Amino acid sequence: MAIENRYEFVMLFDVENGNPNGDPDAGNMPRIDPETSYGIVTDVCIKRKIRDYVATVKEEEPGFQIYVRDGAVLNAQHELAYKNYEMKPEEKKLPKDEADAKKITGFMCENFYDIRTFGAVMTTKVNCGQVRGPVQINFARSIDPIVPQEITITRVAVTSKEDAEKKEHEMGRKHIVPYALYRVEGYISANLAQKVTGFDDTDLDLLWESLINLFEHDHSAARGKMATRKLFVFKHDSALGCAPSHVRSIRSP
């Protein structure tokens with residue numbers, strides 16, 4: 001049964017001597033607002049970590065597969081729905097019968113956790129429709145301005161024999177934030193959960209779990225010391241809520 005209450009949340013996480021979200025358009029430097037110097041972590045980055053956590057703990061358990069994952073072929077994912085109902089897909093079109101179309105889209109919601117949570121645009125060659133997910137997340141923003149640092153590193157091994165004749169070391173660079181605390185806000189619509197994807201209490205508990213442990217299975221040289229510090233959850237008393245989200249934001253810690 002889909003969730004019955006609207007929720008909002010605020011999560012605080014920090015980074016020490018790491019790169020929380022590199023910008024490929026800026027040499028993979030930590031993302032930063034050029035006008036204010038506040039650090040930024042995109043919603044896509046946070047959703048990626050949620051997906052990876054669910055994939056790690058559920059290991060493709062039925063109902064908890066991940067739609068957007070490394071190496072996934074989306075049309076192949078869509079074909080699973082048609083095969084389940086023994087239907088033949090028509091290129092770029094949903095089944096003409098409305099009930100059949102709902103079955104196809106419903107199958108994707110039932111079997112893929114990230115579709116059920118975040119929604120998805122599945123209007124590719126093998127069309128499974130489009131759904132708007134109940135969970136939406138803002139960009140994270142640092143509490144204070146950040147000062148990214150570029151650090152030069154060396155490697156004793158070289159790439160090729162030709163390089164070995166010319167030099168003993170190769171140089172590289174790493175970009176870090178010495179320390180920053182970030183805040184991100186999210187919204188969970190019971191209305192969309194009930195009417196569209198079927199996001200339920202089990203899914204909700206898994207979301208909280210993934211946010212608390214967001215960085216525990218993502219440690220690397222660039223993100224060795226990242227951790228969720230606080231998760232504040234605001235539960236409304238109804239599906240449509242009892243207060244505007246911006247009022248909650250003003251009163252949040």
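When the residues of the stretch 178-196 are narrowed to those that are open to solvent by 10 Å² or more (accessible area, probe 1.4 Å) and in a helix (DSSP H, G or I), which ends up nearest to Arg31 (Cα to Cα)?
If we take residues in the stretch 178-196 being open to solvent by 10 Å² or more (accessible area, probe 1.4 Å) and in a helix (DSSP H, G or I), then Leu192 is nearest to Arg31 (Cα to Cα).
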* To do: Check off (1) over 20 Å from Gly186 (Cα atoms); (2) open to solvent by less than 10 Å² (accessible area, probe 1.4 Å) for Asn17 and give me the number that stays unchecked.
  => (2)
* **Close pairs from the stretch 184-211: first in contact (Cβ under 8 Å) with a residue 24 or more places away in the chain and at positive phi, partner of a type in the set (Gly, Ala, Ser) and not in a helix (DSSP H, G or I), Cβ under 6 Å, at least 6 apart** => Gly198/Ala2
* Among (1) farther than 20 Å from His219 by Cβ; (2) part of a strand (DSSP E or B); (3) out of contact with any Ser or Thr (no Cβ under 8 Å at 6 or more places or on another chain), the one test that Asn17 misses -> (1)
* Unique residue being modelled with pLDDT of 95 or more and of a type in the set (Gly, Ala, Ser) when the list is Gly71, Gly63, Gly27 -> Gly63
* **Which listed residue, of Asp200, Asp205, is surrounded by fewer than 11 Cβ atoms within 10 Å (Cβ to Cβ) and at pLDDT 95 or above** => Asp205
* Asked: Considering only residues of the stretch 158-175 that are modelled with pLDDT under 80 and open to solvent by less than 100 Å² (accessible area, probe 1.4 Å), which is nearest to Ser220 (Cα to Cα)?
  -> Gly172
* Would you point out the residue of the stretch 33-54, among those that are open to solvent by 50 Å² or more (accessible area, probe 1.4 Å) and not in a loop (DSSP other than H, G, I, E, B), that is farthest from Gly198 (Cα to Cα)? => Tyr38
* Residue count for the stretch 226-250, restricted to those that are out of contact with any Phe, Trp or Tyr (no Cβ under 9 Å at 6 or more places or on another chain) and open to solvent by 80 Å² or more (accessible area, probe 1.4 Å) -> 5
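The values are calculated or read from the model by the stated rules, or taken from the named source; none is laboratory data. As the structure is a computational prediction, the values presented were derived from the model and not from experiment. Virtual Cβ from ideal backbone geometry, glycine too; neighbours counted across all protein chains shown. Only protein heavy atoms, including side chains, enter the accessible area calculation; ligands, DNA and RNA are left aside. Shrake-Rupley method; radii C 1.70, N 1.55, O 1.52, S 1.80 Å.
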